[in-house]
Amino acid sequence: MRLFIAALFLFLPVSAFCAESVFVLANKNVKESADLAAQYCALRGIGQENLILLDVKNAPNISRADYRLRVASPVFETLKARGMFSASGVYPKVSVFANRAKYVVLCKGLPYRILEDAPAGAPKPDAHSNNSACLDSELALLLEGDYSLSNFRLNKSFKAGVYSPMLNQLIVARLDGITYADALNLVKSAIYAEQNGLRGRVYIDKSKKYPAGDEWLSAAEKILSDKGFDITTDEKPACMDYFFRFDAPVFYLGWYASSPVYYFKSDLVKFAPGASALHIYSFAASNLASKKTWAPNLVSHAPAAAFGYTDEPFLIGTHRPDIYVAALASGKTAGESAFLAMFAFSWKGMFLGDPLYRPFSVPLERQLKFIEGGKVDGFSQYAVIRAMNLASDSSEAVQIGL
């Protein structure tokens, strides 16, 4: 199995406007959390004034009251003080105008699940009407004002396909995983791909559980095939096993196993730099410290992006792989693409990765120029294969491969 090769990562600043719109959150009580935030800011050229240290417990869960007091309110007031928006009223009963904030990046060490908040003696809410949520998904609506916490809130950008900061929704991403090194590798993997190109193979793992899920995967497969990627597709209900190849996975899109199996149980298996990994499973981010849970397991294999759900989201509340892939292919950032692929917020889903990452920032033509100039690594062959797949006929493909 091909191993991910560590590399030196050059300083890669983002535009001044983009950096100004990115706010990075860390736990002030956990040194490693603050260190991770500082490293991310340095790698992306984000000013320290956009780093917000929160006074919270280093625990997965947080109460509604503490979320409002220790997370939402401090972030809201910081953005307001920085002049990112104007507002009337007092949080959370506010009306926000002309928002310029775009991204919020949560660093490992912060809670990720907001607990159910129900009056004493009230009947236990069902899976549809509960008000527990992934903290990330709730924070996306920080500027939305007061709203019902029962069930979810529709994403205004979902059908439009265009993210607009005027909608007062924030793109929230998380740098997290089993270890702090895993969390930082999400950024390093992204930057390596931005410098050298997105190269590798695609793996589509269908399940025949519900037709809609397989239809989404088929649509994503078509988009990536049109981009020239080699693709392996498993049509069987069971998870992809050792009878399938799994070299240089740059997209893994699949479902539906309750815990990682086969290749994902091996520490030797690594994704290609810049990879995106999604396994649709209801509790894929229920425990970010366990390799038996899908989201942190995927992150441990060194992709640039992964997805997960703290509790039952229902299929409609998971990230749409076809929308995510289409948005990436159009040139959008990973954060924008993950945002557009989410049907609703104030719900259960999270995006793990650097939201500023642009997977297709190095065109295939430039990747081939790198090879011609002698700039090669263990993934260069996949750029050549992709070019061969896009050739007009077999003779042209042969010439490219020579």
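The values are calculated or read from the model by the stated rules, or taken from the named source; none is laboratory data. Being a predicted model, the structure only gives us computed values, none of them experimental. Virtual Cβ from ideal backbone geometry, glycine too; neighbours counted across all protein chains shown. Protein only, heavy atoms only, side chains kept; ligands, DNA and RNA dropped before computing areas. Shrake-Rupley method; radii C 1.70, N 1.55, O 1.52, S 1.80 Å.
For the range 158-184, give me each residue that is open to solvent by 40 Å² or more (accessible area, probe 1.4 Å) and either closer than 15 Å to V105 by Cα or outside any helix (DSSP H, G or I) (or both). Those that are open to solvent by 40 Å² or more (accessible area, probe 1.4 Å) and either closer than 15 Å to V105 by Cα or outside any helix (DSSP H, G or I) (or both): K159, A160, V162, I178, T179, Y180. Close contacts from the range 224-247, counting a first residue that is outside any loop (DSSP other than H, G, I, E, B) and a second that is among the β-branched types (V, I, T), with Cβ to Cβ under 6 Å and a gap of 6+ residues or different chains, come to L224/V202; S225/I231; I231/V202; T233/I204. Pairs are defined by a Cβ separation below 9 Å, a sequence spacing of at least 6 or placement on different chains, a first member in the range 63-88 that is over 18 Å from C134 (Cα atoms), and a second member that is in a helix (DSSP H, G or I) and among the charged types (D, E, K, R); the pairs so defined are R82/E20; R82/E49; M84/E20; S86/K80; A87/K80.
Within the range 115-137, take every residue that is more than 24 Å from R44 (Cβ to Cβ) and in contact with a Ser or Thr (Cβ under 6 Å, 6 or more places away or on another chain) and give me the one that is surrounded by the most Cβ atoms within 10 Å (Cβ to Cβ).
This residue is A133.
Considering only the range 300-311, I want to know if a residue exists there that is assigned to a helix (DSSP H, G or I), open to solvent by 30 Å² or more (accessible area, probe 1.4 Å) and touching a residue at least 60 places away in the same chain (Cβ under 8 Å). No - not one qualifying residue is present in the range 300-311.
As for the range 369-386, it holds at least one residue that is over 30 Å from L170 (Cβ atoms), among the aromatic types (F, W, Y) and open to solvent by less than 40 Å² (accessible area, probe 1.4 Å).
Quick one: in the range 80-119, which of the residues that are hydrophobic (A, V, I, L, M, F, W, C), modelled with pLDDT of 95 or more and out of contact with any Leu (no Cβ under 6 Å at 6 or more places or on another chain) is farthest from A173 (Cα to Cα)?
L115
Residue-by-condition table, conditions (1) of a type in the set (A, V, I, L, M); (2) modelled with pLDDT under 95; (3) open to solvent by 20 Å² or more (accessible area, probe 1.4 Å); (4) within 10 Å of the chain's Cα centre (by Cα):
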| site | (1), (2), (3), (4) |
| --- | --- |
| A327 | yes, no, no, no |
| A334 | yes, no, no, yes |
| S337 | no, no, no, yes |
| M342 | yes, no, no, no |
| S346 | no, no, no, no |
| M350 | yes, no, no, yes |
